[in-house]
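Bear in mind that the values in this text are calculations on the coordinates, not laboratory data. Since the model is a prediction, treat every value here as computed from it, not as a measurement. Backbone-built Cβ (ideal geometry, glycine too); neighbour counts: all protein chains shown.
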Amino acid sequence: MLVRSKSCLTICALALLVSGCVSTTSPSKLEAVAQTSLNFSESMCQGSAITDSPFGNSSHGGDGLTANTAYIICTAKQFNNIGSSSEYWDKHFILLTNINLISYSSVTYKRIGDSTTPFTGVLDGNSKKIINFTYSSGVNNYVGIFGVLGANGVVKNLNLSNVVVSGVNYVGILAGENQGAEIRNVNIVASYMSGTTYVGGLVGRNTSGEIYNSSVTFISSVTSVSGTSYVGGLVGRMDYGKMQDSFVSGLSVSATAGYVGGVVGYNDSWGQIRLCYAKFTNMIGGSGDNIGGVSGYNDGLIYQSYAEFARINGRSSVGGVVGSNNAGLVQESHAKVTVHVIGSGADVGGAIGYNGTGTVNKAYSEGVLVQGTASNIGGLIGRNVNGAITSSYAKVTSVTGTGSGVGGLVGYNAGGSGSGKIESSYAETTTVSSVDDYVGGLIGRNDGGEIKNSYAKSVGLISGSSYVGGMIGSNGSGYLSSDYADVRTVTGAVNFVGGLLGNSEINSNISKCYAKSSGIIGGNASYIGGFVGVTSGQIDESYALPTTITGSGAATYIGGFAGYVDTTFLMNVYVQSPAGTITGADQVGGFVGTMETSTIYNSYAVWTKVKATGSTVGGHVGEAFDSDIYNSFSVADIEGTDAGGPIERVGYFLGHLTGATALHDVYSAKDPSVCVNHSGDCNDVSAVYEGWISGGVTYFYDKRMTPMSKWDFTNYWQEKTSDYPTLR
């Protein structure tokens with residue numbers, strides 16, 4: 001037997017996707033079966049065929065060796081005779097009438113095939129029905145019309161209705177286990193079914209078998225499929241098999257342990273689910289782990305498949321499409337949720353609970369609520385570790401959690417060395433919230449992952465304790481490019497709040513990104529910025545368009561673009577809020593609240609008012625330590641309102657500097673006379689920062705006084721307004 005690595009499926013399948021050659025058809029075992037019209041008719045069930053034994057034509061031309069000499073089935077007794085002896089389990093059969101099994105029970109019905117001798121023949125249902133099949137056992141394994149189907153076996157063109165099946169392990173209405181047979185055009189209408197392990201509406205366990213154009217419709221008002229583990233609407237567990245163009249519908253699928261899926265409970269290596277769907281009016285779930293709308297666990301391929309349901313409930317690894325995607329490929333698949341996806345543990349997502357080294361492409365989730373009571377909750381994916389997410393989205397009204405890592409798209413994203421990538425993806429939400437840390441409109445926490453051409457939109461509130469961002473709560477050494485957040489309100493209770501990022505750690509790199517907010521960015525927190533709360537990396541060609549930034553109470557380090565920058569390089573960056581105000585207690589700046597050992601090139605800040613209620617406020621920078629600022633300006637009225645005493649550190653450009661800080665061609669584009677310090681005096685009206693610059697009052701666009709030669713109007717700046725220039 002050829003041994004394949006688990007990662008091979010993803011690589012091979014992805015290569016097919018890239019080449020545009022994903023096949024939606026498959027070679028069929030039926031191609032090896034005679035497809036000519038067979039000379040069978042219902043009239044053959046008249047006369048001696050009614051009593052002929054063991055089958056309708058056993059004594060006149062039927063030997064079961066070929067399709068043309070198939071045994072004909074005319075009565076329930078003849079159908080039951082198939083299971084009476086293993087000598088018939090490699091033969092051909094065809095139904096010529098509907099079969100009513102109402103007189104048979106788990107005691108009298110003879111299952112066809114067993115684990116020792118599977119059925120390897122051909123049963124052609126001839127579009128007839130098997131009706132009134134009830135098999136209820138608390139002791140039997142391999143339960144179904146067929147106990148076990150084997151390699152090269154075929155079951156086709158068969159309908160079943162008014163069915164109830166129960167057993168222990170390996171339980172399916174059609175077959176307890178399929179070890180390699182082909183199932184095609186089998187459609188079942190059933191009340192409900194149940195078992196313990198490997199329980200599926202069609203097949204309990206499918207190993208290397210292929211299933212096409214088949215369905216199960218449950219019509220009872222009780223749980224459709226129930227078991228302990230490996231429970232699925234169609235198949236409990238699939239290994240190296242394939243299922244295509246098939247569906248299941250009903251009330252609910254439920255298990256007391258794990259691996260529960262609307263279509264398949266567990267899809268293992270090389271298992272393929274193509275163009276399949278599940279629709280349940282109530283719940284898919286249970287109290288265990290690995291719960292998914294399509295599959296509870298996926299280590300194979302899920303292609304153009306989806307789930308629609310009211311709710312999914314589980315513990316950990318709970319998702320609208322897949323609970324846990326382990327090195328699998330999820331392509332063009334989605335979940336639509338009318339009520340909620342809820343997990344009592346970690347890793348809960350609108351589409352995927354946990355994605356470990358898997359690939360997710362063109363997937364989406366749409367719903368009302370995604371909620372978890374532990375960590376890693378996401379509108380699309382709860383936790384992504386070294387996986388790739390492309391061209392995917394989440395449209396979820398509310399994503400909430402009581403633990404850390406809550407995001408509109410992904411709760412927690414981890415990567416490194418080219419992994420953990422999210423590209424051309426987005427989240428649109430109303431509310432994203434947690435009482436804990438790491439909350440973002442797109443990603444709660446990004447640890448080394450690369451985010452490109454992606455965005456977050458929120459029309460309501462994004463809130464958390466610390467590390468809260470319109471797009472990402474915390475970015476740890478990650479790379480962001482051409483991303484943005486368009487949100488309303490972003491608030492935090494303790495620290496690190498930003499319009500795009502709450503926090504961006506050392507070695508992070510952010511380029512060509514922006515943050516736009518129509519409400520308030522702030523809260524009773526410190527380290528607040530219109531773009532980022534605190535950063536220690538590099539940011540270039542990025543900007544913020546906030547409306548209001550407010551640090552309540554004793555909040556410090558409040559900036560229009562960044563609250564606090566440490567060992568940071570910023571170039572070609574700006575914040576613009578011509579009608580907005582920024583307020584905080586201390587270390588407040590129109591562009592940066594406080595900067596330390598950092599450098600800023602080509603920046604500006606535009607506000608109506610920059611206001612401090614404690615001390616240290618500047619039109620551009622509140623306080624600078626051992627830093628350099630080049631070619632930058634501020635446009636803001638300055639106000640200090642401390643009733644307890646004078647605010648001594650008030651500046652039109654810089655509130656206070658220490659150490660080796662140096663300013664190079666920086667200006668205030670506001671008339672310094674508008675500086676108001678209600679408890680003391682503003683700095684000298686001729687100054688642009690707490691110290692002084694010779695030459696008197698400087699207005700940026702007064703070219704008689706401004707050394708414009710230091711400013712690059714070819715590559716970086718442009719004369720866009722009459723009051724001040726803008727960055728290109």
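Among residues that are over 22 Å from Phe309 (Cα atoms) and touching a residue at least 24 places away in the same chain (Cβ under 8 Å), Gly232 is not included.
Check the stretch 228-235 and report whether any residue there is in a loop (DSSP other than H, G, I, E, B) and surrounded by 24 or more Cβ atoms within 10 Å (Cβ to Cβ). For the stretch 228-235, residues in a loop (DSSP other than H, G, I, E, B) and surrounded by 24 or more Cβ atoms within 10 Å (Cβ to Cβ): present.
For the stretch 245-281, the tally of residues that are aromatic (Phe, Trp, Tyr) and either closer than 22 Å to Gly345 by Cα or part of a loop (DSSP other than H, G, I, E, B) (or both) stands at 3. Taking residues in the stretch 531-551 that are acidic (Asp, Glu), and partners anywhere that are crowded, with 24+ Cβ neighbours inside 10 Å, the pairs with Cβ atoms closer than 8 Å and at least 6 places apart or on different chains are Asp540/Ile510; Asp540/Leu570; Asp540/Val573; Glu541/Val573. Would you confirm whether any residue within the stretch 189-197 is buried (at least 24 other Cβ atoms within 10 Å of the Cβ), farther than 30 Å from Gly286 by Cβ and of a type outside the set (Lys, Arg)? No, the stretch 189-197 contains no residue that is buried (at least 24 other Cβ atoms within 10 Å of the Cβ), farther than 30 Å from Gly286 by Cβ and of a type outside the set (Lys, Arg). Entry remark, the stretch 416-432: residues being closer than 20 Å to Gly372 by Cβ, of a type in the set (Ser, Thr, Tyr) and buried (at least 20 other Cβ atoms within 10 Å of the Cβ) number 1 in total. Go through the residues of the stretch 630-647 one by one and say whether even a single one is of a type in the set (A, V, I, L, M) and assigned to a loop (DSSP other than H, G, I, E, B). Yes: the stretch 630-647 contains one or more residues that are of a type in the set (A, V, I, L, M) and assigned to a loop (DSSP other than H, G, I, E, B). Count of the stretch 87-132 residues, restricted to those that are in a strand (DSSP E or B), aromatic (Phe, Trp, Tyr) and either without any contact (Cβ under 8 Å) to a residue 40 or more places away in the chain or touching an Asp or Glu at 6+ places or on another chain (Cβ under 6 Å) (or both), is 1. The selection criterion, being more than 38 Å from the chain's Cα centre (by Cα) and surrounded by fewer than 24 Cβ atoms within 10 Å (Cβ to Cβ), holds for Ser137.
Filtering the stretch 147-162 to residues that are crowded, with 23+ Cβ neighbours inside 10 Å and touching a Ser or Thr at 6+ places or on another chain (Cβ under 7 Å) leaves Val148, Gly153. Of the residues screened, Val385 is not one that is surrounded by 24 or more Cβ atoms within 10 Å (Cβ to Cβ) and among the hydrophobic types (A, V, I, L, M, F, W, C). Only one of the numbered conditions (1) part of a strand (DSSP E or B); (2) closer than 19 Å to Ile211 by Cβ is violated by Ile284, and that is (2).
Reported count of residues in the stretch 284-319, each being among the small types (Gly, Ala, Ser), in contact with a Lys or Arg (Cβ under 8 Å, 6 or more places away or on another chain) and buried (at least 24 other Cβ atoms within 10 Å of the Cβ), is 3. Taken over the stretch 324-372, the criterion of being in contact with an Asp or Glu (Cβ under 9 Å, 6 or more places away or on another chain), in a strand (DSSP E or B) and among the hydrophobic types (A, V, I, L, M, F, W, C) is satisfied by Ala335, Val337.
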